[in-house]
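Below: one structure, written as structure tokens.
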Amino acid sequence: MTSLLSLTGIAKTFDNGVKALGPVDLEVQQHEFLSLVGPSGCGKSTALRVIAGLLAPSAGKVEFPGGNPETAFVFQESTLMPWASALDNARLPLDLKGVARAEADMRAGRALERVGLGGFEKSFPRELSGGMKMRVSIARAIAAEPKLLLMDEPFAALDELTRQSLNDDLLKLWCEDKLTVIFVTHSVYESTYLSSRVVVMTPRPGRIAADMALAAPENRDGHYRLSPEFTTQAAKVSAALRNAMVEHA
Amino acid sequence: MSAALKYAVPVALGIAVLALWEFLVRHYDVPVYVLPAPSAIWAALVENFASLMQSLWTTLSVTLEAFALALIGGVAIAVLFSQSRAIERALYPYAVILQVTPVVAITPLILIWVGFDRINLVLVIVAFIVAFFPILSNTTLGLKSTDHNLIDLFRLYGASRRQILMRLQFPTALPNLLGAMKISGGLALIGAVVAEFVAGSGAATGLAWRIVEAGHTLEIAKMFAALALLAALGIAIFSILSLLEWALLHRWHESAIKKTA
């Protein structure tokens with residue numbers, strides 16, 4: 001496997017003097033599903049923004065050995081344009097890249113169908129539920145066929161059932177599109193369920209406290225959530241997280 | 001309340017007030033130079049129809065020209081402000097000064113500079129000054145109220161400043177701009193009328209001058225007729241702009257949700 005992303009000595013200190021992150025070294029392989037887990041304010045989101053190129057690190061290097069991958073970002077809020085229909089929202093990356101309208105419509109429409117929103121193309125965000133809005137947000141992310149998908153606690157504001165169903169749909173997309181996902185969460189269970197690898201971070205300034213490979217998450221479903229294997233894995237992640245907090249204190 | 005009733009109630013109230021007014025004026029024999037009855041005002045309107053319509057057209061065109069200039073100028077400068085903090089810092093205080101200085105006090109100066117022979121230009125300038133600021137101020141606010149995450153998303157996909165402005169900042173600012181237009185439309189009319197009052201002489205031929213003229217000759221019914229036309233003009237401007245606002249926002253904006261719920 002070739003490495004897709006390589007962080008070397010990444011640190012971020014904000015203008016107000018707050019040391020948010022690092023230094024962090026991290027190699028991400030292609031088609032990994034990597035969760036960044038840590039307490040609130042540990043710099044997980046900062047790390048994600050640095051990787052996306054939205055935030056310049058104070059120190060260190062972000063490198064993509066195989067060239068800059070097509071990257072998509074999903075925020076905690078659905079972050080849709082309220083004046084635009086679901087289709088227009090999903091089409092945004094294609095529009096900004098100058099893809100012809102007819103083709104962009106087709107690809108955005110297909111992205112909406114893949115997240116289970118076929119038939120809602122013309123709906124406006126205010127007509128959709130929280131879960132559906134998040135689905136539009138994911139459709140927008142996959143519309144431009146990204147290699148790297150960055151997600152910043154995307155399901156934190158949703159109810160449990162919606163969250164589980166979105167987890168399963170996300171795994172399906174990850175599988176089918178051979179995506180590399182970096183997923184920020186503070187939920188041990190969510191990271192255990194989704195990931196092929198969990199990176200646990202310390203409280204601020206966030207450093208890597210543990211880096212654990214999990215069994216590949218292909219073909220996981222509701223049964224896996226109830227299996228002893230899942231419980232064992234979750235306990236391991238949970239213990240690592242507790243250690244990170246204790247060592248730091 | 002049903003839709004029909006929603007309109008019927010204010011209309012019925014209006015008719016009742018007019019009827020009471022008519023009755024009181026007749027019953028107490030109020031002299032026409034104190035308070036003319038609605039029927040007398042209507043008669044004055046019909047009698048002076050040609051000259052009043054001429055004046056209405058003058059006032060309307062001054063108002064519309066000033067409003068159009070305020071819209072174009074206000075939006076253009078707001079865009080400039082949103083693109084450069086330095087320009088905003090440099091110019092904003094002067095925009096405020098222009099706004100807070102009573103326009104009545106500036107009008108004589110503009111009159112001297114532009115000249116009595118171009119009185120309509122004077123009216124347009126004064127009305128523009130009054131109508132300009134709400135558009136500038138609200139549009140600037142709207143252009144700056146964009147969702148930061150959406151801006152990040154646009155940047156991630158390599159959007160140009162122009163794309164961010166056209167696809168993100170303008171739609172975000174649209175509710176603010178439409179709200180400001182409703183205010184400025186009315187202000188442009190007020191500005192046009194005030195300027196004509198200040199200009200004073202018979203050079204101007206708008207509705208305000210008809211009111212001054214009728215006042216001098218104690219044709220109070222004609223005064224009321226001109227006043228009614230001004231009010232109707234103001235209501236028409238406000239209604240058209242409200243309709244525009246509804247047409248552009250009702251599908252997606254929060255302000256429309258309560259109406260449908």
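The values are calculated or read from the model by the stated rules, or taken from the named source; none is laboratory data. Just so we're clear, the structure is a prediction, and the values are computed from it rather than from any experiment. Backbone-built Cβ (ideal geometry, glycine too); neighbour counts: all protein chains shown. We work out accessible area using only protein heavy atoms, side chains counted, and drop any ligands, DNA or RNA first. Shrake-Rupley method; radii C 1.70, N 1.55, O 1.52, S 1.80 Å.
Quick check on the stretch B:108-127. Is at least one of its residues closer than 30 Å to A:Thr71 by Cα and in contact (Cβ under 8 Å) with a residue 24 or more places away in the chain? First the steps, then the outcome.
Filtering the stretch B:108-127 for residues closer than 30 Å to A:Thr71 by Cα gives none.
No: the stretch B:108-127 contains no residue that is closer than 30 Å to A:Thr71 by Cα and in contact (Cβ under 8 Å) with a residue 24 or more places away in the chain.
Taking the stretch B:212-229 as the search range and keeping residues that are touching a residue at least 12 places away in the same chain (Cβ under 8 Å) and not in a helix (DSSP H, G or I), which one is farthest from B:Met53 (Cα to Cα)?
Checked the stretch B:212-229; the qualifying residue farthest from B:Met53 (Cα to Cα) is B:Leu218.
Would you point out the residue of the stretch A:132-158, among those that are hydrophobic (A, V, I, L, M, F, W, C) and in a loop (DSSP other than H, G, I, E, B), that is most open to solvent (accessible area, probe 1.4 Å)?
Filtering first and then ranking leaves A:Ala157.
In this structure, is B:Trp113 of a type in the set (Phe, Trp, Tyr), closer than 30 Å to B:Thr217 by Cα and surrounded by fewer than 19 Cβ atoms within 10 Å (Cβ to Cβ)?
When the stated conditions are applied, B:Trp113 does not pass them.
What pairs can you find where one residue is in the stretch A:34-54 and within 14 Å of another protein chain (Cβ to nearest Cβ), the other is in a loop (DSSP other than H, G, I, E, B) and open to solvent by 10 Å² or more (accessible area, probe 1.4 Å), and their Cβ atoms are less than 6 Å apart, with a gap of 6+ or different chains?
Every condition considered, the pairs that remain are A:Arg49/A:Leu55; A:Val50/A:Pro57.
Do the conditions hold for B:Gly186, that is, is it open to solvent by 20 Å² or more (accessible area, probe 1.4 Å), out of contact with any Pro (no Cβ under 6 Å at 6 or more places or on another chain), small (Gly, Ala, Ser) and assigned to a helix (DSSP H, G or I)?
yes
Which count do you get for residues in the stretch B:1-49 that are open to solvent by 80 Å² or more (accessible area, probe 1.4 Å) and within 26 Å of B:Val212 (Cα to Cα)?
9
What is the residue count in the stretch B:23-41 for residues that are assigned to a loop (DSSP other than H, G, I, E, B) and free of Cβ contacts under 8 Å to residues at least 60 places away in the same chain?
So the count comes out to 5.
Tell me yes or no: at least one residue of the stretch B:162-178 is part of a helix (DSSP H, G or I), among the polar types (S, T, N, Q) and facing chain A (nearest Cβ under 9 Å).
Within the stretch B:162-178 (the criterion being part of a helix (DSSP H, G or I), among the polar types (S, T, N, Q) and facing chain A (nearest Cβ under 9 Å)), the answer is yes, since at least one residue qualifies.
Would you mind telling me which numbered condition in (1) within 14 Å of another protein chain (Cβ to nearest Cβ); (2) out of contact with any helix residue (DSSP H, G or I) (no Cβ under 8 Å at 6 or more places or on another chain) A:Gly17 fails?
A:Gly17 satisfies every listed condition except (1).
Evaluate the stretch B:76-93: report whether one residue or more is farther than 26 Å from B:Thr59 by Cβ, within 13 Å of another protein chain (Cβ to nearest Cβ), in contact (Cβ under 8 Å) with a residue 60 or more places away in the chain and part of a helix (DSSP H, G or I).
No, the stretch B:76-93 contains no residue that is farther than 26 Å from B:Thr59 by Cβ, within 13 Å of another protein chain (Cβ to nearest Cβ), in contact (Cβ under 8 Å) with a residue 60 or more places away in the chain and part of a helix (DSSP H, G or I).
Quick check on the stretch A:184-202. Is at least one of its residues open to solvent by 10 Å² or more (accessible area, probe 1.4 Å), aliphatic (A, V, I, L, M) and under 21 Å from A:Ile10 (Cβ atoms)?
no
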